[in-house]
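Data first, discussion second: the structure below is written as structure tokens.
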Amino acid sequence: MRIGKIYWIEYSKAELKTKKVAKTGVCLKKYFFITLWFFIGCSRLSFDTPFKGVLNPTATPVQGSCWYGTGLFKSSPHSNCSYNDLPVNFVKAVFANGSDLYLGTLVGLSISHNNGSTFRTSTASNGLPGGDINRVYVNASVIYVATTKGLAISTDDGVSFQTRTTGNGLGSNYVLDVFVSNGTVFAGTFSGLARSTDGGTTFVTQSGAIGLPASGTVNSIFAEGSRVVVGTNSGVGVSNNSGASFSMVTAGLGSNTVNKVYISGSNIYAGTAMGLAISTDGGATFTNKTVSDGLVSNIIGAVVAVGSTIIAGSTSGVSRSSNGGVSFVPVLGMTDLYELFASDGAIYAARVSGLSKTTDGGVGFTTRTKAPVVPPAWITAVNHIGERLLVGGSDDYLYYSDDHGGTYSRWNLGIFNVRGIFVDGQSIYVSGFSGLAISNDGGATFSVKNAAANNLASNIVNSVYANGNLVYVATNGGLSISTDSGNSFVTRNVSDGLASNTVNGIFAYGGKIFAATSAGLAVSSDNGVSFSNRFTSDGLGSNNTKDVYADANGVYVATTSGLSISNNGGISFTNKATGQGLVGSFVTKLGWDEGTILAATSDGISITSNQGSTFTNFTVSHGINDNQTTCVHGYGGKLFVGTDGNGLSVKY
């Protein structure tokens, strides 16, 4: 059972190596240098086609350090990989300086000091006042955050913030922009331009007195040297004396509603509600650019200029000019822009879908997003429903991928620590540590069956097999059988002939039920009314059986001492271990493909197509992430291998 960082496990790695298997759980912390071990169901749906070997991967891996490898097996992303850890994709504001990035998101201020490889996020718990973050500016290691509830200031890299409000001289608590130049902090608010000459401790708002609209909204601020330019709802304000006084300019603007201003050399750019206005004479006159000049939209909420390159746009679309604004072309795929920022030759775009960056003048962008949805590192079950890959592990979700494990989404199951996945048509059965989750609509919804409500023998469910209305559930308290699609169960245990109440695996074929228990293989020919048992005296490698599968070619039993095979319906067995070519004798789970048997072991994967006469083996030398394999599954010529703490390995 998982509680925080604590897991109940069945066996430790040391016990696997010595084959001294304990019957009781051991409580270990996840970060100990002892690897957790799960014996969980993996393949419960046969291949569509036989195992074919290597195919080229078609999926594009998510961003991070867990990329597809170059060996026979490829790595599917999982939780041990390193990802940039933005809390959300929605980025409204960006400031960059060298390798430092400061992003205003919907949940706080995300800070990176390594070019965005990793982020940490400051929130209300660090003193941010809450509300949306509109702009960010950093000067001499002091962070200024313009929010809808005041101007937040941090002098300790975002560890703590102090908020300035109207009580400190701001014209309004709704702060739209902030800029620092020549020792003066400028804050644009709903009620004018506030200035501070003491680092933001106190402010003076005097818009009307210095030539700006009295109590008017200041949407944007930019300063360079002694020139300060502001965008208001009444035009562009231009100051050539560090903000001591302003002249208002409206001539040539597409609209007096100026959303964004930017200075580059002697040029001033004003993004308005009706186009991009460009001045080449310090703001004395403007020429307006519109859709007739190639702009995607006349609504311009963000603009930057680097040399002759101009990028401008809004949530209505983004445009790029490489000739100083003579003409524009669209930036494809970017219709969710909030802000642009230029630094060290790079241009950053704050977007609804993440942070984008270009170093070639906007020809191409790369995008950083929040940490992707990925399965846990401990993969415990794999299957397919149609072309969709299903993956379960040591948490509360069932993960699914439509690109062979390149990217994932997930369903909340209502149970934790997935142990097995079985698919019957459009029905998905997921066994776990707190019951059985069933979906009859391909995963859209799940219902949970447990001991209290549905009479399961135990809430620790190790494996499940289903065929129509019949559902067989292997638990730690016996074998539970349902004839009504899992709504109610009756239980068979040692009193009904089971060798043990701990049932690890279950399968039905040819009118027989095969139950792999911790004390032998139980076989029933009367739908579970009674059982007879097979032991080492019948040829099993060990009485501690982990999984079972049966088809027309035989009965296959995973044991702690080999793969035991019967060609007479499970009456007697021949055992295959390392001496007979198996890669490892401790077999954890089985998979299959119409005559091809797949065995996950403590030392790698073994495959046989001739009932165990010979085996083909795969280990870390072939690219599997870990020899300690927990499950194996095949589909469409691909092989999926779950490992003990190192994610999912895929052979294409």
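Report, ordered by the first and then the second residue, all pairs with beta carbons closer than 7 Å, sequence separation of six or more or different chains, a first member in region 245-261 that is within 27 Å of Lys92 (Cβ to Cβ) and hydroxyl-bearing (Ser, Thr, Tyr), and a second member that is part of a loop (DSSP other than H, G, I, E, B) and open to solvent by 40 Å² or more (accessible area, probe 1.4 Å). Hits for this filter: Ser255/Met274; Thr257/Asn233. Counting the residues of region 231-254 that are within 13 Å of Thr184 (Cβ to Cβ) and either acidic (Asp, Glu) or not in a loop (DSSP other than H, G, I, E, B) (or both) gives 1. For region 417-451, the tally of residues that are in a strand (DSSP E or B) and aromatic (Phe, Trp, Tyr) stands at 2. Could you tell me which residue of region 468-486 is nearest to Thr545 (Cα to Cα), considering only residues that are in contact with a Ser or Thr (Cβ under 9 Å, 6 or more places away or on another chain) and assigned to a loop (DSSP other than H, G, I, E, B)? Applying the filter and picking the extreme gives Asn476.
Of the residues making up region 564-595, those that are within 17 Å of Val523 (Cβ to Cβ), within 39 Å of the chain's Cα centre (by Cα) and polar (S, T, N, Q) number 0. The set of residues in region 298-332 being under 22 Å from Phe90 (Cα atoms), open to solvent by 20 Å² or more (accessible area, probe 1.4 Å) and free of Cβ contacts under 8 Å to residues at least 24 places away in the same chain consists of Ser316, Leu332. Only residues that are at pLDDT 95 or above, open to solvent by less than 10 Å² (accessible area, probe 1.4 Å) and out of contact with any Ser or Thr (no Cβ under 6 Å at 6 or more places or on another chain) were counted in region 112-143, giving 1. Counting only strands (runs of 3 or more DSSP E) wholly contained in region 504-556, the ones carrying 1 or more residues that are among the aromatic types (Phe, Trp, Tyr) and within 19 Å of Thr630 (Cβ to Cβ) occupy 545-551. Looking at (1) over 22 Å from Tyr338 (Cα atoms); (2) open to solvent by less than 40 Å² (accessible area, probe 1.4 Å); (3) modelled with pLDDT under 95, which is the only condition Leu170 fails? (3) is the only condition that Leu170 fails. Scan region 85-104 for residues that are under 16 Å from Tyr137 (Cβ atoms) and open to solvent by less than 50 Å² (accessible area, probe 1.4 Å) and the total you get is 12.
From the list Phe446, Phe416, Phe433, the lone residue that is within 19 Å of the chain's Cα centre (by Cα), closer than 23 Å to Tyr472 by Cβ and surrounded by fewer than 24 Cβ atoms within 10 Å (Cβ to Cβ) is Phe416.
The values are calculated or read from the model by the stated rules, or taken from the named source; none is laboratory data. No experiment lies behind these values; they were computed from the predicted model shown. Here Cβ is always computed from backbone atoms with ideal geometry, including for glycine, and neighbour counts include all displayed protein chains. The area values use the complete protein model at the heavy-atom level, side chains included, leaving out ligands, DNA and RNA. Shrake-Rupley method; radii C 1.70, N 1.55, O 1.52, S 1.80 Å.
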